Structure formats: C-alpha cells, structure tokens
1. Considering only residues of the stretch 244-273 that are hydrophobic (A, V, I, L, M, F, W, C) and not in a helix (DSSP H, G or I), which is surrounded by the fewest Cβ atoms within 10 Å (Cβ to Cβ)?
2. I'd like the full set of residues that are part of a helix (DSSP H, G or I) and in contact with a Leu (Cβ under 9 Å, 6 or more places away or on another chain), limited to the stretch 11-43.
3. (1) open to solvent by less than 30 Å² (accessible area, probe 1.4 Å); (2) among the hydrophobic types (A, V, I, L, M, F, W, C); (3) not in a loop (DSSP other than H, G, I, E, B): which one isn't true of residue 192, the others all being true?
4. Where residues in the stretch 44-54 are open to solvent by less than 10 Å² (accessible area, probe 1.4 Å) and assigned to a helix (DSSP H, G or I), which of them is nearest to residue 92 (Cα to Cα)?
5. Report every pair of residues separated by at least 6 positions or lying on different chains whose Cβ atoms are under 6 Å apart, first residue within the stretch 39-54 and closer than 18 Å to residue 140 by Cα, second in a loop (DSSP other than H, G, I, E, B) and open to solvent by 50 Å² or more (accessible area, probe 1.4 Å).
6. Quick check on my filter: what residues within the stretch 215-243 are open to solvent by less than 50 Å² (accessible area, probe 1.4 Å), of a type in the set (Gly, Ala, Ser) and in a helix (DSSP H, G or I)?
7. Looking at the structure I just gave you, is residue 68 open to solvent by 20 Å² or more (accessible area, probe 1.4 Å), among the basic types (Lys, Arg), assigned to a helix (DSSP H, G or I) and out of contact with any strand residue (DSSP E or B) (no Cβ under 6 Å at 6 or more places or on another chain)?
8. State all residues of the stretch 27-43 that are buried (at least 24 other Cβ atoms within 10 Å of the Cβ) and modelled with pLDDT under 95; if no residue qualifies, say none.
Amino acid sequence: MLYRTASDWLAAPNKRVALFGMSGLGKTHVSNILRDSGQWFHYSVDFRIGTRYMGEHIVDNFKREAMRNPFLRELLMSDSIYIASNITFQNLAPLSTYLGKPGNPEKGGIPFEEYVRRQRQHHEAEVAATLDALHFADKAEAIYGYPHFVADTSGSLCEVVDPENPEDPVLKPLSSNILPVWIRGTDAHVEALVARFSKAPKPMYYTEGFLRGIWDDYRAARGVAEAEVDPDDFIRWGFRRLLEHRLPIYAAIARNWGVTIEADDVARVREARDFEHLIARALPEAGRAAI
C-alpha cells in the first residue's frame, strides 16, 4: 500500500487518493471540497471517458440524430453549424445519452447488440481513463504545482478489475501510486439510491456476462420480445441486482488494495483537513502497521 500507516499518510508531502464506490455516496462531493482548498488536483475518470475516449462516439451520435432532420441535415452538410458535446464534471449527460438503454425504439431504446457494442467501448475507455490518473497525478504537481491529487473514479470501476488478482493490470499500478479509498454505504443508502434511481433511471455500465444474464431474465419474467422491452423498466428492474453484484467487488478492492471509509463520515467532511484525518483513521497506526 502506498501509505502503510496513518503517520505515513499525515506526514506525506504528496497525498494521492482514488475514491471509488456507488454513485451518489460522496465521491464528487468530497472531491469538490478538496479541489476548492487550492491544494488538491481533481481528476474525474467519467469526464476523461466522455472527452478523451468517448467524445467522438458521443458527437457522432448527436450528428446521426441531427441528420434525420432535413433542416439540420442541410446545415450540417454545408458546414453551417457544428455539433459538440458540452460535458462537464457536473453534467455527464452526453456520455449517459450515448450509452443509451436497450429496448423499444419508440420509447427511446436501442437494439440490444448495439447497446452491448457501446458497453464494450465504455469498458476500454474506463480502463484507459483510470490508468490515465497516474499520468495526471504527476502532471498536476509538475506543471500546476498541486501537492495533492484526488481521482474521482467511475462507479463501474469494479466492473473492469479483478481485485483477487495480485497482478491486476489496473489495480496494481493504480495502488502503487494512488491510495484506493472505498466510500462504503449502509443498507439505508442502498435503499435511497434505488428509490432515487427509480424516479430517474439512467444508463449504466455492466460486464457483458452480467448484462446478458439480466437481459434474458427480464425478458423471460415479462414475457416480451426485444423490440417490446420498455427501456426504463428494464434499467429499473436490473438496478438493485447491479448493486448487489457490485458491493462484494468494492469490498474486495478495499480489502486487498486500499482502505474503507463510511459514507456518513464523508457527508460530514467540510474541509480538506477533515478528509485527511478521515483517511488517517482508516489506516493502521505505526505500532500495528500492515505487513
């Protein structure tokens, strides 16, 4: 582990963390607090995915939709307008819109195999964007003078790693340079996330095997053909299953590669010092340093 003890962490002139866990439990909240302190560089994996690795796919999808409109088609073909993605740290809607939802096209769905293809693109992008954190951690200090670095990882980090593999190509280099920190929620948090998601379902990333399994299960349970699937109903139906699938993987990442802090404690963070002491409490003291 990058910081073996609480004392090592508190004394480190360059603190580096990678926050991971379920969306909505405080990763971006605490990252914003750290960034606002003026001492921490904030790197968003989702933003990097949506700009560096998926940006062209996103814009091409916008253009494809625009070309169906005769008025916009003429303007595009004559280079009279241009279309761009205005993705930000706070607004990742362009990425979500591109990933889409499978099912009935009359309800905004896309064909299932097209959905799978876009999921594969996201997998490659997430691996690359997560590893880019290593480069940005060095660049943040060397170019911009930030002593500390926080990576706000995607909620689907757990889907692109194997925490039980000591040679995992993402976790091994990441944890050697940045401390992975799991923000763990309670059962009450899970229920709140499910309720919130039910009101406004959004596209999600799944491993392909898991996705195909819940797709088949859903269609069998509802007795519907692919073109009859209600996209939002499918996404809602699979969300709790996705959380149940992810939680043990998050736990294994923290157990084998990093540390765990509680979402309730993160919610009480008001300044960078609060967060630094929160991490210190998650690390062993010098007298009981991990072997």
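The values are calculated or read from the model by the stated rules, or taken from the named source; none is laboratory data. Since the model is a prediction, treat every value here as computed from it, not as a measurement. Note that we place each Cβ from the backbone using ideal geometry, even for glycine, and neighbour counts take in every protein chain shown. These area figures cover heavy atoms from the full protein model, side chains too; ligands, DNA and RNA do not enter into them. Shrake-Rupley method; radii C 1.70, N 1.55, O 1.52, S 1.80 Å.
1. We begin by selecting, within the stretch 244-273, every residue hydrophobic (A, V, I, L, M, F, W, C); these are 247, 249, 251-254, 257, 259, 261, 263, 266-267, 269, 272.
Cutting the leftovers down to not in a helix (DSSP H, G or I) gives us 259, 261, 269.
Working: 259: 21, 261: 24, 269: 19.
Applying the filter and picking the extreme gives 269.
2. At the first step, the residues of the stretch 11-43 found to be part of a helix (DSSP H, G or I) are 11, 27-36.
Once the filter is applied, which keeps residues that are part of a helix (DSSP H, G or I) and in contact with a Leu (Cβ under 9 Å, 6 or more places away or on another chain), the stretch 11-43 yields 27, 28, 30, 31.
3. Among (1) open to solvent by less than 30 Å² (accessible area, probe 1.4 Å); (2) among the hydrophobic types (A, V, I, L, M, F, W, C); (3) not in a loop (DSSP other than H, G, I, E, B), residue 192 violates only (1).
4. For the stretch 44-54, the residue satisfying everything is 50.
5. Filtered contacts from the stretch 39-54: 41/146; 44/89; 47/89.
6. 238 - this is the single residue of the stretch 215-243 that is open to solvent by less than 50 Å² (accessible area, probe 1.4 Å), of a type in the set (Gly, Ala, Ser) and in a helix (DSSP H, G or I).
7. On the way: open to solvent by 20 Å² or more (accessible area, probe 1.4 Å): yes; among the basic types (Lys, Arg): yes; assigned to a helix (DSSP H, G or I): no; out of contact with any strand residue (DSSP E or B) (no Cβ under 6 Å at 6 or more places or on another chain): yes.
When the stated conditions are applied, residue 68 does not pass them.
8. 27 - this is the single residue of the stretch 27-43 that is buried (at least 24 other Cβ atoms within 10 Å of the Cβ) and modelled with pLDDT under 95.
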